[in-house]
Amino acid sequence: DSLSLGQAGGAGGRGGVDGGANPNEPEESANRGRGAQASAKSLRELWLKKLECEAVLTLLKKLEVVRDAPNAFDALIHTRPCRIGAAVVLLSNALNTMFSEDVAQVTALHKILEQILSRKQRAEEIIWDTLHDVLYLRTG
């Protein structure tokens, strides 16, 4: 009886009681489904990890801009002719980066902030001295 029932289901294609000629087929499709879910989960995890790494790299680049600003400012000021315009742009970028949301939370940059602010005062002094020199024709 069970033999004839299985043959009847198998003769009409996949319309039998057991879902097909292979009795292991439902188990195999369930395994494939679990594998697809696992790979989709791992793919999602990898994508989230990639986003996290990109965020860390962006933060590190911003920290590098802030960290290198004082030395780069000094290098621009001590060249002849003095490149005060480039030095001011450099300080402006460093200060904007320093006070951005993600970098402002890094408390280890306090000393560097002090250095940048002292360089900013120095840039203002240079600009005022240059302006006085031009206005009062101290230098041609």
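Taking the range 64-74 on its own, how many of its residues are open to solvent by 40 Å² or more (accessible area, probe 1.4 Å) and under 14 Å from LEU95 (Cα atoms)? Give the derivation first.
Within the range 64-74, the first condition is being open to solvent by 40 Å² or more (accessible area, probe 1.4 Å), and the residues that meet it are 64-65, 67-68, 71, 74.
Remaining after also requiring under 14 Å from LEU95 (Cα atoms): 64-65, 67-68.
Final tally of qualifying residues: 4.
The set of residues in the range 81-97 that are farther than 18 Å from GLU125 by Cβ and open to solvent by 60 Å² or more (accessible area, probe 1.4 Å) comprises ASN93, ASN96. Name every residue in the range 98-114 that is closer than 14 Å to PHE73 by Cβ and open to solvent by less than 80 Å² (accessible area, probe 1.4 Å), in order of residue number. Once the filter is applied, which keeps residues that are closer than 14 Å to PHE73 by Cβ and open to solvent by less than 80 Å² (accessible area, probe 1.4 Å), the range 98-114 yields MET98, ILE112, LEU113. Under the condition of being closer than 13 Å to VAL65 by Cα, part of a helix (DSSP H, G or I) and not hydrophobic (A, V, I, L, M, F, W, C), the residues counted in the range 87-140 number 4.
Residues of the range 116-140 that are open to solvent by less than 80 Å² (accessible area, probe 1.4 Å), modelled with pLDDT of 90 or more and among the polar types (S, T, N, Q): SER118 alone.
The residues on offer are ILE84, ILE77, and the sole one that is in contact with a Lys or Arg (Cβ under 8 Å, 6 or more places away or on another chain), under 17 Å from SER118 (Cα atoms) and modelled with pLDDT under 95 is ILE77.
Among the criteria (1) assigned to a helix (DSSP H, G or I); (2) touching a residue at least 24 places away in the same chain (Cβ under 8 Å), the one LYS49 does not fulfil is (2). Cβ-Cβ distances below 9 Å connect no pair with a first residue in the range 65-79 that is under 14 Å from ASN96 (Cα atoms), a second residue that is of a type outside the set (S, T, N, Q) and open to solvent by 60 Å² or more (accessible area, probe 1.4 Å), and a separation of six or more residues or different chains.
The values are calculated or read from the model by the stated rules, or taken from the named source; none is laboratory data. From a predicted model like this one, the values you see are computed outputs, not experimental measurements. As a convention, Cβ positions derive from the backbone with ideal geometry for all residues, glycine included, and neighbour counts pool all protein chains shown. These accessible areas exclude ligands, DNA and RNA; they are computed on the full protein's heavy atoms, side chains included. Shrake-Rupley method; radii C 1.70, N 1.55, O 1.52, S 1.80 Å.
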